[in-house]
Structure formats: C-alpha cells, structure tokens
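What follows is one structure encoded as structure tokens, with my remarks underneath.
The values are calculated or read from the model by the stated rules, or taken from the named source; none is laboratory data. As the structure is a computational prediction, the values presented were derived from the model and not from experiment. When we count neighbours, we look across all protein chains shown, and the Cβ atoms used for this are built from the backbone with ideal geometry, even at glycine.
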Amino acid sequence: MPYYIGETIEERENLFVQTPETFGKRFNLEVRNFSEVTSIDREARQVMVKNIRTGERYTEGYDKLVFSPGAESVKPPLPGINQEGIFTLRSVPDTDKIKSYIEENKPRHVVVVDAGFIGLEMAENPHDLGLECD
Ligand SMILES: Cc1cc2nc3c(=O)[nH]c(=O)nc-3n(C[C@H](O)[C@H](O)[C@H](O)COP(=O)(O)OP(=O)(O)OC[C@H]3O[C@@H](n4cnc5c(N)ncnc54)[C@H](O)[C@@H]3O)c2cc1C
C-alpha cells in the first residue's frame, strides 16, 4: 500500500494478490465476502450473517468458530486528531484516501508518526513523490 501511494506500484489492481475465487480454489474454501457476521448464538452454534450488498440475512451453523475480525489503527486522543489531513494506514480504502488527498491537495511536507516497518515504508514513499518527509 505505501508503494502504491509512492507510485512504485502503478496499478491499484496489483494490491490484490488473491481473488475470492483463486483463494477458495487453492484452499478448498467457500469464500463469502461482503458478508458481515452480526451476532453469534453459541448455544445453537450459529452465526447470523448479513450480506452488506443486498441486505439479505441468514443463519449459518458451525462446529468450530474461528473469530479473526482484525483490528483498527489506534488514534490517540490528542487535540486535533480528527482534523483533515491526518490519516491512518491499514487498509486499501485508507490507501485511497491518502493517495487522493496527495493528488488533490499537493502537500509539500509529510510527517509520519511511527517507526515500525509500515511507518518506514510510509516515510520512504513520499520522498519518491518529491515530498519532504519527517
Ligand atoms: C500497510 C500495511 C502493510 C502490510 N504489509 C504486510 C506484508 O507485506 N506482509 C505481511 O505478512 N503482513 C503485512 N501487513 C500486516 C497484515 O496485513 C496484517 O497483519 C494482517 O492483515 C492481519 O490479519 P487479520 O486476519 O488479523 O486481520 P485483517 O486482515 O484486518 O482481517 C480481518 C477481516 O475480518 C473482517 N471482519 C471484521 N468484523 C467482521 C464481522 N463481524 N463479520 C465478517 N467479517 C468481519 C474485516 O472486514 C477484515 O476483512 C501489513 C499491514 C499494513 C497495514
């Protein structure tokens, strides 16, 4: 994602290394994306699923339930944290927001708060776009 922002990766399509079809075929899984589990009935061993595109709801039974809903970026409760021009990067939609902000607003100076691997990648890529980065 940082390298798409920095234009080393030119095509957004190349951020997706699998499709539901290839992933399902490779691991013999039925992949149901755009499906949100809205509740769990542990007694009945069922989950309630909502198709977020069609609004359809249904229950699905399970023997074992593996729960892996991911995480959200931490936004410390600092004054101004929700102002325009402050971003977190965790997903492709986050990437789209950063990329279009750079294209539309043409900032000259970027500050990256985080010195982990992704922070370092995010510090490297603005340089490739000719932006000053701290
Ligand atoms: C910018 C960036 C670059 C990275 N680069 C690499 C890399 O090069 N190599 C690497 O190994 N790792 C990389 N990582 C780390 C890797 O992406 C994460 O560690 C990994 O995606 C975490 O997997 P996860 O399954 O825990 O969570 P996620 O990938 O966040 O998946 C959780 C999923 O659960 C879904 N979900 C949540 N609630 C529900 C619900 N109620 N019903 C249905 N679905 C639900 C979410 O929509 C999401 O799709 C990178 C991460 C970032 C942010």
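Key figures
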{"quantity": "Test result for V110, touching a Pro at 6+ places or on another chain (Cβ under 8 Å) and either free of Cβ contacts under 8 Å to residues at least 40 places away in the same chain or among the hydrophobic types (A, V, I, L, M, F, W, C) (or both)", "calculated": "yes"}
{"quantity": "Selected residue (criterion: farthest from the ligand (Cβ to nearest atom)) from residues of segment 45-79 that are surrounded by 10 or more Cβ atoms within 10 Å (Cβ to Cβ) and assigned to a loop (DSSP other than H, G, I, E, B)", "calculated": "R45"}
{"quantity": "Residue within segment 13-30 that is over 23 Å from the mean Cα position of the chain (by Cα) and of a type in the set (A, V, I, L, M) present", "calculated": "no"}
{"quantity": "Those residues of segment 1-37 which are among the β-branched types (V, I, T) and surrounded by 11 or more Cβ atoms within 10 Å (Cβ to Cβ), in sequence order", "calculated": "I5, T8, I9, T19, T22, V31, V37"}
{"quantity": "Tally, over segment 1-44, of residues that are more than 23 Å from D96 (Cβ to Cβ), of a type in the set (G, A, S) and within 14 Å of the ligand (Cβ to nearest atom)", "calculated": "1"}
{"quantity": "When residues of segment 80-109 are limited to those that are within 16 Å of the ligand (Cβ to nearest atom) and in a loop (DSSP other than H, G, I, E, B), the one nearest to N14 (Cα to Cα)", "calculated": "S91"}
{"quantity": "Condition check for S91: closer than 20 Å to G116 by Cβ, under 17 Å from the mean Cα position of the chain (by Cα) and modelled with pLDDT under 95", "calculated": "yes"}
{"quantity": "Filtered residues of segment 110-121 (kept if of a type in the set (A, V, I, L, M) and either under 19 Å from P76 (Cα atoms) or away from the ligand (no atom under 12 Å from the Cβ) (or both))", "calculated": "V110, V111, V112, V113, A115, I118"}
